[in-house]
Amino acid sequence: MTGVRFDDETRARLRRRLLDRGQVLATLLAAVLAGKDKVRELAAIGLDAKPGLRPEEVLRAALDHVERLRKQVEAGDDAYGRCHACGTDLGGAVAMLEVPWADACPAHAGLA
Ligand SMILES: [Zn+2]
C-alpha cells in the first residue's frame with residue numbers, strides 16, 4: 001500500500017473513537033425511538049436538528065456516516081481524512097483524532 005497517512009496505532013485509536021461515537025448514537029436512537037425527547041442531547045454532540053428531518057432520521061444518518069468512516073479506517077482507505085467533495089486533507093492525525101467523523105472541509109461542510 002502506498003501513501004499510508006495514518007499509522008497502525010493512530011488507526012486503532014480512530015477506530016475506537018468511531019466505535020464509541022456509534023455507541024452514543026445508537027443509545028440515543030434507541031431512546032428517541034422509545035419516545036424520549038433528545039433534541040438537546042443531539043445538539044450537545046453536534047447533531048443539530050435539520051429542517052424536515054426527524055431526530056431518528058438525523059441519528060440514523062449519523063450512524064451510517066460513522067460506520068462508513070470506520071470501514072474506511074479499517075480498510076486503510078485513502079479517502080479517510082479527506083473532504084468527501086474535494087479531497088482536501090482535513091489536517092492529518094491530530095485533526096482526525098479530535099473529530100474522527102469529520103469528512104468535509106469548511107467549504108463543503110453541511111453539504112453531505
Ligand atoms: Zn471540500
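Things to note:
- Residues that are farther than 18 Å from GLY46 by Cα and either within 14 Å of the ligand (Cβ to nearest atom) or surrounded by fewer than 15 Cβ atoms within 10 Å (Cβ to Cβ) (or both) within region 91-106 comprise GLY91, GLY92, VAL94, listed in sequence order.
- Candidates LEU63, LEU47, filtered to the one that is surrounded by 13 or more Cβ atoms within 10 Å (Cβ to Cβ) and either over 22 Å from ARG16 (Cβ atoms) or touching a residue at least 24 places away in the same chain (Cβ under 8 Å) (or both): LEU63
- Screening ARG70 against (1) without any contact (Cβ under 8 Å) to a residue 60 or more places away in the chain; (2) within 23 Å of HIS108 (Cα to Cα); (3) surrounded by 16 or more Cβ atoms within 10 Å (Cβ to Cβ); (4) out of contact with any Lys or Arg (no Cβ under 7 Å at 6 or more places or on another chain) leaves a single unmet condition, (4).
- Residue, farthest from LEU25 (Cα to Cα), within region 73-90, restricted to residues that are hydrophobic (A, V, I, L, M, F, W, C) and exposed (fewer than 15 other Cβ atoms within 10 Å of the Cβ): CYS86
- Every test in (1) assigned to a loop (DSSP other than H, G, I, E, B); (2) more than 22 Å from GLU98 (Cβ to Cβ) is passed by ALA79 save one, and that test is (2).
- Residue list for region 77-90, restricted to those being within 8 Å of the ligand (Cβ to nearest atom) and farther than 20 Å from VAL58 by Cα: CYS83, ALA85, CYS86, GLY87, THR88
- Residue check for LEU63: more than 25 Å from ALA31 (Cβ to Cβ) and more than 12 Å from the ligand (Cβ to nearest atom): no
- Selected residue [in contact with a Lys or Arg (Cβ under 9 Å, 6 or more places away or on another chain) and of a type outside the set (D, E, K, R)] from LEU53, LEU59, LEU47, LEU42: LEU59
- Of all residues in region 10-38, those that are without any contact (Cβ under 8 Å) to a residue 12 or more places away in the chain have Cβ atoms under 8 Å from Cβ atoms of residues that are not in a helix (DSSP H, G or I), 6 or more apart or on another chain, in ALA31/LYS38.
Where a number appears in this text, it was derived from the coordinates with a stated rule and is not lab data. The structure displayed is predicted, hence computed values, not measured ones. FYI the Cβ positions are ideal-geometry reconstructions off the backbone, even for glycines, and counts take in every protein chain you see.
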